[in-house]
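The values are calculated or read from the model by the stated rules, or taken from the named source; none is laboratory data. In this text, all values refer to a predicted model and were calculated from it rather than measured experimentally. For neighbour counting, all protein chains shown are included, and Cβ atoms are generated from backbone atoms with ideal geometry for every residue, glycine included. What goes into the accessible areas is simple: the full protein's heavy atoms, side chains included, and nothing from ligands, DNA or RNA. Shrake-Rupley method; radii C 1.70, N 1.55, O 1.52, S 1.80 Å.
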Amino acid sequence: MKTLFALGVWCLLFVLCWPLAILALVAWPFVWLLSLPFRLVGITFSALFAFLRALFMLPARMLGGGPVAA
């Protein structure tokens, strides 16, 4: 559904201003490549915080606190 919406918006942009639509189509892979390191850093920090949370909650779970709902 998200892809269909993006295609519709691009088609509308193509009708209104075709040079900008072509520029967006050409520039999108470069934008994706530039954002890739930030995504990897985000995934790494998310995993790190999940690990630390599990590590700090381990004593409570060992004493019968049960799993904590996320």
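Structure data summary
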read-out	value
Accessible area per residue in Å² at 1.4 Å probe, computed on region 1-69	92
Expected 222 nm ellipticity per residue - DSSP helices of 4 or more, -39500 (n - 2.57), all of the chain, to 500	-31000 deg cm²/dmol
C-alpha long axis of helix 2-16 to longest principal axis of the chain, angle in °	30
Sulfur and carbon atoms: percent of accessible area, the chain [1.4 Å]	83
Label-point separation, Leu48 to Leu23 (7 Å along Cα→Cβ), nm	3.7
